[in-house]
Each structure stands twice: as structure tokens, then as C-alpha cells.
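Okay, so here's the structure we're looking at.
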Amino acid sequence: MTIQNVLSAAKQIMSDRARTVVSKYRELVRTMAAGGKVPPGDVIEIVESAGKTFDQLRVDMELVEQRKRDAVIVSERPAVEAEMREVGRLRGLLADRRKKAIAELNAEEAVLIERHNAVALRLSQISSVEPRLRNTCPDESLLARERELTNRKLALLPKFRELQNELYGQTVSPSGYASARGCERCKGRSCNMSANCAM
């Protein structure tokens, strides 16, 4: 065997030993991090062989524990991504339903607007015809009667308002509180104030 072959073989042996030492140290870290029991003598031998300290061993054990916790979290990715896809699908369906509902409501509103415009136009036409119908009445007595009633209405209106105000002022119960009919100040709404509220 040549010198070169000897050196190559020795180098290979040293490399194998180094890998073995590293492998034993990693196994020691995993075992102790998992709570396994290792004879103190074996711990000392493996740590020294790996060129480590007990502080480094402690740090490596904490790193293994942290990696286990991280691995558990990362393992949730497929389920979380699936849930995200489902949420996106449901939101898409909801958006489609919203668009459809809005379109239906808009269509109904358009029909009602068209109907409203038609009714408003008809009322306008009726209002424009009413005076002509009244003014062209051939019976003068009816026209006179209409004028009389209109004048009476105008004359009675102040009295009506006076009685209305008086009514509001008298809707106070014996207990001193206004009844459900309200008062003038409350504009007909219910109140529980004293009689002064109606003044």
C-alpha cells in the first residue's frame, strides 16, 4: 500500500469518526430534550468527544424543543390553507348572491319609479282639469254654494285651531301628567310632564 493510499484511508477513517461523533451528539441532544435518561458518564464522553460544553448542550436541547414546537405549528399549514380556500369560496358565493339581490331590488325599484311617475302625471292632469270643470259648471247655484262653503271653512279655521290648542291644554290627567294625547308643545306626542308642558 502506497503512502498516498494510507493517507487517504486515514483521512476516511477520521471523517467517519467525526460523523459518528456528530451523530452521537445529535442523538444525545434529541434524547435528553425528549426527557430520556442517559448515564452521566456517557453524557460527559459524548460532549467531550464532540468538542462541546454543557452550556452548548443546553442551548442545543432548547433549540430542538423549539423546533418541535415550530414543526407542530407548520404542520397546520395544509388545513389552514384549505380553510382559507373554503372561506374564499363562500365569500364568492355571497358576493354573487349580493349582486343578484341588488339587481332584483333595482329592477323592482325601477318598476315602482315608473309607476310613481305615471301616477304623478295622472294627478297633475287631474289637478289641471278640476278648475276647468268647476268653473264651467252651468248651475250658478252650485257655484254660489261652493263659494259659501269655502268662505265658511276659512272663517271656521281660526276657531278650529283655537279649540285644538285648548284640547291639547286640557289633556292633563288628575295625577298631574299629560295623557297619551300629548300637548301643544309636544306637537301631539305623548309626554309625562306636568300641566306646565301644555302652556
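With respect to GLU109, determine if the residue is in a helix (DSSP H, G or I), modelled with pLDDT under 95 and surrounded by 10 or more Cβ atoms within 10 Å (Cβ to Cβ).
It is false that GLU109 is in a helix (DSSP H, G or I), modelled with pLDDT under 95 and surrounded by 10 or more Cβ atoms within 10 Å (Cβ to Cβ).
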Could you please let me know if THR2 is loosely packed, with under 10 Cβ neighbours inside 10 Å, of a type in the set (Ser, Thr, Tyr) and modelled with pLDDT under 85? yes
Which of the following residues is assigned to a helix (DSSP H, G or I) and either surrounded by 10 or more Cβ atoms within 10 Å (Cβ to Cβ) or at pLDDT below 90 (or both): ARG189, ARG152? ARG152
Against the definition (closer than 30 Å to VAL29 by Cα and surrounded by 10 or more Cβ atoms within 10 Å (Cβ to Cβ)), how does ILE46 come out, yes or no? yes
Being modelled with pLDDT of 85 or more, surrounded by 10 or more Cβ atoms within 10 Å (Cβ to Cβ) and either under 41 Å from the mean Cα position of the chain (by Cα) or not charged (D, E, K, R) (or both) narrows LEU28, LEU7 down to just LEU28
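The values are calculated or read from the model by the stated rules, or taken from the named source; none is laboratory data. Just so it is clear, the model here is predicted, and its values are computed rather than measured. Backbone-built Cβ (ideal geometry, glycine too); neighbour counts: all protein chains shown.
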